[in-house]
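Following: one structure in structure tokens, then a few remarks.
The values are calculated or read from the model by the stated rules, or taken from the named source; none is laboratory data. Every value quoted in this text rests on a predicted model; they were computed, and no experiment measured them. Neighbour counts run over all protein chains shown; Cβ positions are idealised from the backbone, glycine included. Each accessible area value is taken on the protein alone, full model and side chains, heavy atoms only, with ligands, DNA and RNA left out. Shrake-Rupley method; radii C 1.70, N 1.55, O 1.52, S 1.80 Å.
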Amino acid sequence: VNGGAEYGDARGWKRWREGCAVSVAPNAGVNGGDALAVTGRTGHWMGLEQLLDTECIIPGTQYNINAMFKLVNETSGEAVACTALRTWGDEACPVIGLLARVNGQHKQQAFASTFAGPWVADAFNPYTAEMTIPP
């Protein structure tokens with residue numbers, strides 16, 4: 001499903017919430033590869049979205065989520081820190097959410113990173129989480 005952002009491929013990714021935009025940032029990624037950039041964010045809840053094919057998801061199965069994040073001030077270009085394990089409000093670190101439609105109702109759950117290390121403002125920081133899809 002992941003289009004391979006590190007190779008300039010943003011297929012499958014789109015913005016989460018109106019007002020922001022998703023693009024490929026050449027040579028801005030880990031080890032000089034490409035990365036996805038979200039610009040025009042006016043709230044910490046704005047970011048990336050990827051729709052998953054439910055045919056590929058097996059209820060009762062645990063999935064591991066791994067990503068690398070770097071926060072940059074869009075105006076100044078300076079790196080920004082966040083407070084580890086803070087998932088809402090000022091200085092919130094990135095969170096991955098799961099939104100599903102179950103029996104016609106939307107259900108949403110956020111997954112904060114379980115990475116125990118400190119956030120390094122001028123580096124890509126690992127994001128790790130586990131999620132189990134309910135049966």
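Surface composition of region 52-134: carbon plus sulfur atoms contribute 52% of the solvent-accessible area (1.4 Å probe, protein chains only, all chains present).
In a fully extended conformation the segment linking Ala123 and Asn27 would gain 33.2 nm over its present Cα-Cα distance, using 0.36 nm per residue.
For region 80-135, state the average projected area of the convex hull of the C-alpha atoms over all orientations, rounded to one decimal in nm².
Numbers: hull surface 18.7 nm².
Projected over every direction and averaged, the Cα hull of region 80-135 covers 4.7 nm².
Label positions at Thr114 and Val80, each projected 7 Å from the Cα along the C-beta direction, are separated by 2.8 nm. Here is the tail figure for region 1-47: Cα pairs spaced more than 13 Å apart come to 53 percent of all pairs. Once C-alpha pairs closer than 8 Å and six or more residues apart are averaged by separation and normalised to the residue number of region 17-135, the relative contact order reads 26 percent. According to the calculation over all Cα-Cα pairs in the chain, the P(r) per 5 Å bin from zero is 2, 9, 17, 23, 22, 16, 7, 3, 1, 0 %. If only the Cβ of Lys and Arg carry +1 and only the Cβ of Asp and Glu carry -1, the dipole of the chain around its Cα centre is close to 340 debye.
Of the solvent-accessible surface of region 1-47, computed with a 1.4 Å probe and all protein chains present, 49% belongs to carbon and sulfur.
Please work out the average accessible area per residue across the chain, using the 1.4 Å probe convention, and give it in Å². Let's see the in-between values first.
Values: 9340 Å² over 135 residues.
Accessible area per residue: 69 Å².
A cut-off of 5 Å between modelled amide H atoms, ignoring neighbours fewer than 5 places along the same chain, links Ala84 with Trp119. Ranked by solvent-accessible area (1.4 Å probe, protein heavy atoms only, all chains present), the residues Asp34, Asp90 order from largest to smallest as Asp90, Asp34.
In order along region 79-96, phi translates into HN-Hα couplings of 5, 10, 8, 9, 8, 3, 6, 7, 10, 8, x, 4, 6, 5, 7, x, 10, 10 Hz, rounded to whole numbers, per the Karplus curve 6.51 cos²θ - 1.76 cosθ + 1.60 with θ = phi - 60° and x for Gly and Pro. Radius of gyration (Cα atoms) of region 42-91, expressed as a multiple of 2.2 N^0.38 Å: 1.58. Cysteine residues of the chain whose Cβ has no partner cysteine Cβ closer than 4.7 Å: Cys20, Cys56. Only protein heavy atoms count here; under a 1.4 Å probe, Phe115 has an accessible surface of about 90 Å².
Under 5 Å from the amide H of Leu48 lie the amide H atoms of Trp16, each residue being 5 or more positions distant or on a separate chain, with H modelled from the backbone and absent for Pro and chain starts.
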